[in-house]
Each structure stands twice: as C-alpha cells, then as structure tokens.
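The values are calculated or read from the model by the stated rules, or taken from the named source; none is laboratory data. On a predicted model such as this, the values are computed, not experimentally measured, just so you know. Quick reminder, even Gly has a Cβ in these numbers, built from the backbone with ideal geometry, and neighbours come from all protein chains shown. Accessible surface is based on the protein model in full, side chains and every heavy atom, while ligands, DNA and RNA are left aside. Shrake-Rupley method; radii C 1.70, N 1.55, O 1.52, S 1.80 Å.
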Amino acid sequence: MRVPVLTYHANNISGNDYASNDHVALAEDLRLIQRRGLRVVPLARVVDVLLGEAPESTVERSVALSFDDGSWFDWHDLDHPTCGPQRAFAGILRDFAAETAAPVHATSFVIVSPDARATLDLTCLAGRSWWGDDWWRAAQDEGLLAIESHSWDHNHHTLPVTAQHEQRKGTFRTIDCHADADAEIRQAADWLDARLAPHRASLFAYPYGETNAYLTEEYLPRHVSEHRVRAAFGTEPAPVHAAAARWNLPRCVAGQHWRTPDELARLLDALVR
Ligand SMILES: [Zn+2]
C-alpha cells in the first residue's frame, strides 16, 4: 500500500486563490485527484489496512483526506470578514460528489476542549463563535466527515492555561509525561466518545505535527486500553505504507508540502507510483 494522506486547514483563508485559501485548493485538488485516476477513501480504512484488518485492495490507487483544528469552516458556509463568502469543506465534498458521483470522505481532527475553542475563536479567528461543536454529531451521522482527535487543547500558545503541567506551550513536544499525555489524548477521546456514541474516536493527529519518543514509544503503544488510539499522524510528506510508523504516520499538508496544483500532481505521482 502507498496511500498519501492530504491535509487541509479550513481556517487558512487569507485570500481567494489556490495559494491563499485551503477551500479553493481543496475544490481544485478533488478534481485533480480524480483526473489522475485516484479515489478518496476514509482515513480509518487506511489504518484498517495498515493494521491488517482490511485487504490492501480496498485502498488501491487511493488518497485519504484530513482536516485539522475543526472550526465551523469545516462544516458551515460562512461570510469571512475580509475574504467574503466561503463554501465549507463539507459543502465542497458534497458538491464534488454531486458533480462526479465519486465517493468522498474526510476526517476532521478537532480540538476537543470547549474552553480552548472558545478562546481560540477570539485569538485565531474573528471572535464570532465560529469554533463550536454543534456540527460534530451531524457530520458523523451523515458519514461525510469522521470526527477524530487533534488533542484536548493543542497546547496552544494563545491559551492562558493548557494541559501541559509546566505551561510549556506552542509545541506538542513538551507533552512528555503520563499526566500530560492523558490530559491531551485520553481526555479528548473520553469527551468525543461520550458525545458521539456509538462512534468511537480512534485516530489522533499531533498538534503542529510534533511528537516525541515518550508518546511514540511509551504512551501510545503501551497504554492503548486507556487512550484507545489505533494510529497517530504527524506531517512527514510520505505515503502511508505497510512499514510506516503506526504512532507517527505521514501526512502531506496543503500550503506546506505543495503550493500549486502542479506541485500536488508531482507529489501524488511520486508518492503513489
Ligand atoms: Zn492544529
């Protein structure tokens, strides 16, 4: 298996062209993916194949999509204060499915803590209460977006207090003891499972794409019964393949690993082969 996982940030809106707006990029990339004879599969299926729980043929010539941070721009069409009306990621997926009849699916890695999202709405968005979780149940039920964990509070530097016990924020590398990992990872899974049952959160995407040896070699592999995570994703630009590291799986990030449709085309050709 060689499955690229493409990652988009719905909050990345600083203009209305491909390079400055992940919504424009996603809409264009879906068509590019199809033109190259690739199909979109759910990220959980890629993990199933990796763990030997589904046949490799179910992810042949495919890509998976993931969205990070989980604001309203994933789900609600919104009028951006400076860039105008924006089609939500969910609407872009539905538009593409309606137009092509191709299957679409994405995984939204959401920041779980309601308090953290309320503050991030002020510090990173427009302060219009656009980071609520009202849509998670509907997204999960429709089967269009899976809701998975991007940690409790992202250990984000703009939060007054985070789960990191020494308040070393702005990185996920400092989540390096059981108490901090439990607060960032297990607590987030508990919250999601309590609200989205029967769905069980089982995938994790590292904030900032950053991890450390404690998480990949100790906490995640040895405490599965506590956190219930099946696989964790970083941001190395490579495909998920049979020998990929389960606790730091690769993902390619829009705006970081490719900036134009041509760059994505070259990246896909190199990764899928
Ligand atoms: Zn993030």
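Table for the structure above
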{"quantity": "Choice from 258, 75, 152 showing the highest fluctuation, given a GNM over the chain with Cα pairs closer than 10 Å", "calculated": "258"}
{"quantity": "Two-decimal Rg to Rh for the range 150-264 - Kirkwood Rh, Cα set", "calculated": "0.99"}
{"quantity": "Rounded to the nearest 20 debye, dipole of the chain from Cβ charges on Lys, Arg, Asp, Glu", "calculated": "620 debye"}
{"quantity": "Rg/Rg_globular for the chain, with Rg_globular taken as 2.2 N^0.38 Å and Rg from C-alpha atoms", "calculated": "0.95"}
{"quantity": "Accessible area in the full protein assembly, largest first, 1.4 Å probe, for 157, 199", "calculated": "157, 199"}
{"quantity": "The chain - percent of accessible surface contributed by carbon and sulfur, probe 1.4 Å", "calculated": "50 percent"}
{"quantity": "Whole-Hz couplings from phi, Karplus 6.51/-1.76/1.60, listed for the range 124-130; x for Gly and Pro", "calculated": "10, 10, 8, x, 10, 6, 9"}
{"quantity": "Probe 1.4 Å, accessible area per residue of the range 221-273, Å²", "calculated": "47 Å²"}
{"quantity": "Fully extended contour minus Cα-Cα distance, from residue 102 to residue 266, at 0.36 nm per residue", "calculated": "56.8 nm"}
{"quantity": "R0 of 25 Å, Cβ-Cβ distance residue 118-residue 16: FRET efficiency to nearest 0.05", "calculated": "0.35"}
{"quantity": "Those residues of the range 102-132 whose amide nitrogen sits under 11 Å from the label point placed on residue 208, 7 Å along Cα→Cβ", "calculated": "none"}
{"quantity": "Cα centroid of the range 71-121 to Cα centroid of the range 211-244, whole Å", "calculated": "26 Å"}
